[in-house]
Amino acid sequence: MKNICVYCTKRRAGSEEHIFATWLVEMISRDPRGFPAPTLLKIGLRDGRTREIKGKMRKGKPTIEFTTRRVCHTCNNEWMNRVDERARPIIEPMIQGSNVVLDRKAQEALAAWACKTAVSARYVLDDPVRKEWTDHLHNNESAIPGWYIWIGWYEGRLPFSASLHDVSVVPVDAPGGKPGDTPIAEHGVGMTLVVGYLVVQLLAVDGMTGHHDIGYIPLLPIWPSSGLGLIWPPAHHFDDESLPVLESRVGGVRPPRG
């Protein structure tokens, strides 16, 4: 029901949830590379095409204003705001390209923010959302178990890029299996997000654990957290030529090899 909050499922929806918080947008607007115009959410469709949603203009200037009204005022201003604020002191220096040491707590805060961003963005895109995802975020304010999140370093032309995919998995490695077979997992989440100099990549395929055959790319894993400290930025960086390759990594996922 679109008039009920998708997270608490109790209160009336209608509060305007910004997928990217005002403080994050303000930081990107000060990036010396210049604010991208127009800002775009890129959506990978099942048939291989890409759809783009343009950000709004405000007072004649572009802004990263992608919103959904599928949440209530209480969720928007309480637990969702807490997730943003826990991640803010971690994300802000990374947006600017400053050196950051991420302990377990910092990795978990960044991962929770990435999950909330990815799930809330699906309501902007009208992509399927599982109740287990929204329930976990609402009840725990933490990253979703079984999801995978990595971070990297981007040095390219524009300080913002967002690519999202509704991921399905088919048993292509099973005996006689081929693309187009009945999916193992009908809907999953793939997201590659650039904010400033930070890249966040997320992959979620329900019901699957262990190694996924998505290829190696030099990213730092933050979820599930190993508990080990990480130093960011890493030695390797992504540029405008390698970013599409990175995005395609979570655009379609094959199951683990048996």
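The values are calculated or read from the model by the stated rules, or taken from the named source; none is laboratory data. Small disclaimer: the values here were computed from a predicted structure and weren't measured. FYI the Cβ positions are ideal-geometry reconstructions off the backbone, even for glycines, and counts take in every protein chain you see.
Worth pointing out:
- Unmet requirement for Lys116, which otherwise passes all of (1) under 14 Å from the mean Cα position of the chain (by Cα); (2) at pLDDT 95 or above; (3) more than 22 Å from Thr9 (Cβ to Cβ): (3)
- Hits in the stretch 146-163 - residues which are of a type in the set (Phe, Trp, Tyr) and either within 12 Å of the chain's Cα centre (by Cα) or more than 28 Å from Pro128 (Cα to Cα) (or both): Trp147, Tyr148, Trp150, Trp153, Tyr154
- Enumeration of residues in the stretch 121-143 that are at pLDDT 95 or above, in a loop (DSSP other than H, G, I, E, B) and under 15 Å from the mean Cα position of the chain (by Cα): Ser142, Ala143
- Of everything listed in (1) under 17 Å from the mean Cα position of the chain (by Cα); (2) at pLDDT 95 or above, the single unmet condition for Asp166 is (2).
- Filtering Pro218, Pro183, Pro175, Pro179 for residues that are surrounded by fewer than 16 Cβ atoms within 10 Å (Cβ to Cβ) and at pLDDT 80 or above leaves a single hit, Pro218.
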